[in-house]
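To keep things clear, I will list the structure first and then write my remarks on it.
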Amino acid sequence: MKAILKRELSSYFNSAVAYIVMAMFFGFSGWFFVGTCFVGNTSSLSPTFNNMFVIIVFLIPIIAMKTFSEEKRQRTDQALLTSPASLFEIVMGKFLGAFILYAICCLIFFVYGLVIMFFTTPDWAVILCTTVGLLLMGGALIAIDIFVSALTESQVIAAIVGMAVGLITYMMGTIVSMIEVEWISSALSAVSFTNYYSNFTYGILDPTGIVFFISVIALFIFFTIRVFERKRWS
Amino acid sequence: MVEVKNLTKRYGDTTVVDNISFTVETGEVLGFLGPNGAGKSTTMNMITGYISSSSGTVTVDGSEILDDPKKVKSCIGYLPEIPPLYADMTVRKYLEFMFDLKKVRLPKKEHIDEVMRLVKISDVSERIIKHLSKGYRQRVGFAQALLGNPPVLILDEPTVGLDPQQIIEIRNLIKSLGKKHTVIFSSHVLSEISATCDRIVVISNGKIVADARTDELGTAVSGEQKLSLDVEGSQGTVLNALKVIPGVLKIRKTSELSGEVGRYIVEYQTGIDIRRDVFRAIASAGCVILNMESANETLEDSFLRLTAEDQTGNTAGGARK
């Protein structure tokens, strides 16, 4: 797992991917931060966090799209799958590689907290909890996108499907309000990422949210492993 | 060392590999020969655990690939048909990654240096793989398979894309590796297999059509040895003289060359050499041998016959050992 994690990180940072993702993340979050906190004269980072959801929906597929589709295209999956490493190690290595890059992006919010300190006392609880929420939700999206990437040889398809899934989760609230059948809307809101995420933005370390996102991560890592097992057995 | 038993792979209704069995002993170099699309790569992918078999087993060093994949995979070095290279890494970085991935427990730098020396890629160790030529890439793939000195090496068409000089180098390398490792290597180039391997398994349309030692393949396929003779002398005398030689099975006169000279094909039992007896018998009968040569099938003949036969639906049953 360490070998795969190391290779993932070096492939992100030896190519433009890591820098472009970080530049976009820092650029947009900085813009939202200045736009709300400075122009709006507030110490609350909540609007920034809420806006970042959209950016993340587009950035995470870019981080995760190449994880397995590129391996398949270059046929390097043959090296991975015939090595003594288990499927769990392989998928976990890929997941952690993408997650660490994403986590580095999220660290910027602490910098914004420090900037606020020059003017007033920032609400560290909100910053901390929201960052945790953002990390968990991002982790869940990464796991989903790695699963999508394992299904296709094309990075483009992986990215587009990943973004579509992200947008659907983002718009889940709107979708739910449009559906009039009671049980469908309640089922959908139970899996709505925004519902769980919004609790974190209030500065609450919500256990149901934590459990929900970690379950999604575990489920999709399991699905990805199943994709490879099924492929092997077909 | 490697035992393949009743291995079958089906995709839907198509059977790609059909009930094949063979064993490879430690220190043996086995050539896996067959036309393109015969099922060579599929078989190798099953042995290495990349894909599973529909039925049948692969046992390496006493462990079954599906029961204990970790152990089996760690004693196999595999070079697939397309070398699994990360184009964005340098050769050294790539080999370091593969070293870690395979969980090799040897001094890292020394071992990688040694393997790079062995396949002659030390001079490109800091180059990025995507900038390498096909020959170098193939050798980097080879190096990757050698990491950790696995007891079993499985090489899928290792010489494709190399120039003649490199092909000879790789062949010699395989030969020298065969002393310590068990090697299974596939090719559709016959001369390559016959130059390198102790034993040949011929596969066609997913079935094994021959399994024999390299020098015996021609014999094994036809089932007997043949001698072609050009003899000067009357037909009756020659036939009578040859008939009494022990081991002779069948004599045929194939053509009248000129005057008294005729061409005879003598079929005789495998495992003996009757040339001296033939010489003495003909001489004492007062006839003269103008030409004598082995009429055994060459490897090319065998290969073409085996693969052609299989396509017409017959099997060379006698060739199986």
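The values are calculated or read from the model by the stated rules, or taken from the named source; none is laboratory data. Bear in mind that the values here come from a model prediction, so they are computed numbers and not experimental data. FYI the Cβ positions are ideal-geometry reconstructions off the backbone, even for glycines, and counts take in every protein chain you see. Heads up: the accessible areas ignore ligands, DNA and RNA and are worked out on the full protein's heavy atoms, side chains in. Shrake-Rupley method; radii C 1.70, N 1.55, O 1.52, S 1.80 Å.
How much space per residue, in cubic angstrom, does the convex hull of the C-alpha atoms of the stretch A:91-234 take up?
That works out to 137 Å³ per residue.
Over what distance in Å are the Cα centres of the stretch B:223-243 and the stretch A:133-204 separated? Using only Cα atoms, the two centres lie 86 Å from each other. Pull out a ≥ b ≥ c, the square roots of the eigenvalues of the alpha-carbon gyration tensor of the stretch B:113-173, then state rounded if a/c is under 1.5, prolate if not and a/b is larger than b/c, and oblate in the remaining case. Oblate.
Jot down the per residue volume, in cubic angstrom and as a whole number, of the convex hull over the alpha-carbon atoms of the stretch B:1-124. Here the figure is 143 Å³ per residue. Per-residue 3J(HN,Hα) values for the stretch B:19-34, derived from phi via the Karplus relation 6.51 cos²θ - 1.76 cosθ + 1.60 with θ = phi - 60°, read 6, 9, 9, 6, 10, 10, 7, 4, x, 9, 9, 9, x, 10, 10, x Hz in sequence order (x marks Gly and Pro).
When B:Lys134, B:Lys226, A:Lys94 are compared by accessible area of protein heavy atoms, the largest-first order is B:Lys134, B:Lys226, A:Lys94, using a 1.4 Å probe. Given their separation in residues at 0.36 nm each and the Cα-Cα distance between them, B:Arg252 and B:Ala283 gain 9.3 nm when the chain is fully extended. Charged side chains reduced to their Cβ positions (Lys and Arg at +1, Asp and Glu at -1) give the stretch A:176-234 a dipole of some 500 debye around its Cα centre. For the stretch B:97-243, the carbon plus sulfur part of the accessible surface works out to 50%, probe radius 1.4 Å. May I have the pair-distance distribution P(r) for the stretch B:153-290, computed from all Cα-Cα distances with 10 Å bins from 0 and rounded to whole percent? Taking all Cα pairs of the stretch B:153-290, the binned fractions are 10, 30, 19, 18, 17, 5 percent. Taking every C-alpha pair closer than 8 Å and separated by at least 6 residues, the mean separation divided by the residue count of the stretch B:225-295 gives a relative contact order of 48 percent.
Contact with the other protein chains removes 20 Å² or more of accessible area, compared with the isolated chain and a 1.4 Å probe, from these residues of the stretch A:69-83: A:Gln74, A:Arg75, A:Thr76, A:Gln78, A:Ala79, A:Leu80, A:Leu81, A:Thr82, A:Ser83.
So what's the projected area for the protein assembly as shown, the Cα convex hull averaged over all directions, in nm²? Don't skip to the answer; put the middle values down first.
Working: hull surface 136.2 nm².
Over all viewing directions, the protein assembly as shown projects a mean Cα-hull area of 34.1 nm².
Considering only B:Leu33, B:Phe97, B:Gly12, and ranking their Cα positions along the charge dipole of chain B that arises from unit charges at the beta-carbon of Lys, Arg, Asp and Glu, the one farthest toward the positive end is B:Phe97. Placing +1 on each Lys and Arg Cβ and -1 on each Asp and Glu Cβ, with no other charges, gives the stretch A:111-234 a dipole about its Cα centre of roughly 440 debye.
With contacts taken as Cα pairs under 8 Å and at least 6 residues apart, the stretch B:1-101 reaches a relative contact order of 26 percent. Accessible-area rank, largest first, for B:Val248, B:Val91: B:Val248, B:Val91, with all protein chains present and a 1.4 angstrom probe. Computed on chain B, with alpha-carbon pairs under 8 angstrom and 6+ residues apart, the relative contact order is 19 percent.
For the protein assembly as shown, the solvent-accessible area with a 1.4 angstrom probe is 44 square angstrom per residue.
Based on a Kirkwood Rh over C-alpha pairs, give the Stokes-Einstein translational diffusion coefficient of chain B at 25 °C and viscosity 0.890 mPa s in µm²/s. List each step's numbers first, then the result.
Numbers: Rh = 22.1 Å.
Translational diffusion coefficient: 111 µm²/s.
Hydrophobic long helices, here whole DSSP H runs in chain A with Kyte-Doolittle means of at least -1.0 and Cα atoms spread over 30 Å or more along the helix axis, are found at A:124-151, A:207-233. For the stretch B:97-164, a crude dipole built from +1 on the beta carbon of Lys and Arg and -1 on the beta carbon of Asp and Glu, taken about the Cα centre, is about 200 debye to the nearest 20. Within the full protein context, the accessible area of A:Val191 is estimated at about 70 Å² for a probe radius of 1.4 Å. For B:His181, the accessible area of its heavy atoms, probed at 1.4 Å with every protein chain present, is near 10 square angstrom.
I need the shape label for the stretch A:177-234. Rule: rounded when a/c is under 1.5, else prolate if a/b > b/c, else oblate, with a, b, c from the alpha carbon gyration tensor. Provide the component values of the computation, followed by the final result.
Details: a/c = 4.16, a/b = 1.55, b/c = 2.68.
Note, shape of the stretch A:177-234 comes out oblate.
Residue order by solvent-accessible surface for A:Trp183, A:Trp233 is A:Trp183, A:Trp233, largest first, with ligands and nucleic acids left out and a 1.4 Å probe. Solvent-accessible surface, computed for protein heavy atoms with a probe of 1.4 Å, shrinks by 50 Å² or more for the following residues of the stretch B:33-56 when the other protein chains are added to the isolated chain: B:Tyr50, B:Ser52.
Taking amide H as placed 1.01 Å from N in the peptide plane, the amide H of B:Ile203 sits under 5 Å from that of B:Leu33, B:Gly34, B:Val209, each at least 5 places away or on another chain. Note on B:Asp123: accessible area is roughly 110 Å² with a 1.4 Å probe, heavy atoms of protein only.
Check every DSSP H run in chain B and write down those whose alpha carbon atoms cover 27 angstrom or more along the long axis and whose mean Kyte-Doolittle hydropathy is 1.6 or greater.
none
Per-residue ellipticity at 222 nm computed for the protein assembly as shown from its helices equals -16500 deg cm²/dmol, with DSSP H segments shorter than 4 residues left out and the rest contributing -39,500 (n - 2.57).
Selection among B:Gly77, A:Ile168, A:Gly27 by position relative to the dipole of the protein assembly as shown gives B:Gly77 as farthest towards the positive end (Cβ unit charges, Cα centre).
Given a Förster radius of 30 Å and the C-beta distance between A:Tyr202 and A:Ser86 as r, what FRET efficiency does 1/(1 + (r/R0)^6) yield to the nearest 0.05? Each step should come with its number before you reach the end.
Values: r = 40 Å, r/R0 = 1.34.
For A:Tyr202 and A:Ser86, the calculated efficiency is 0.15.
Residues whose amide H comes within less than 5 Å of that of B:Leu153, counting only those at least five positions distant or on another chain, are B:Gly77, B:Thr182, B:Val183, B:Ile184 (H built at 1.01 Å from N in the peptide plane). Net charge in the neighbourhood of B:Lys120 (other residues with Cβ under 10 Å of its Cβ; Lys, Arg +1, Asp, Glu -1) is 0. Among residues other than A:Lys231 with Cβ under 14 Å from its Cβ, the summed charge is +2 (Lys and Arg +1, Asp and Glu -1).
Leaving ligands and nucleic acids aside, the A/B contact buries around 2400 square angstrom of accessible area in total at a 1.4 Å probe radius.
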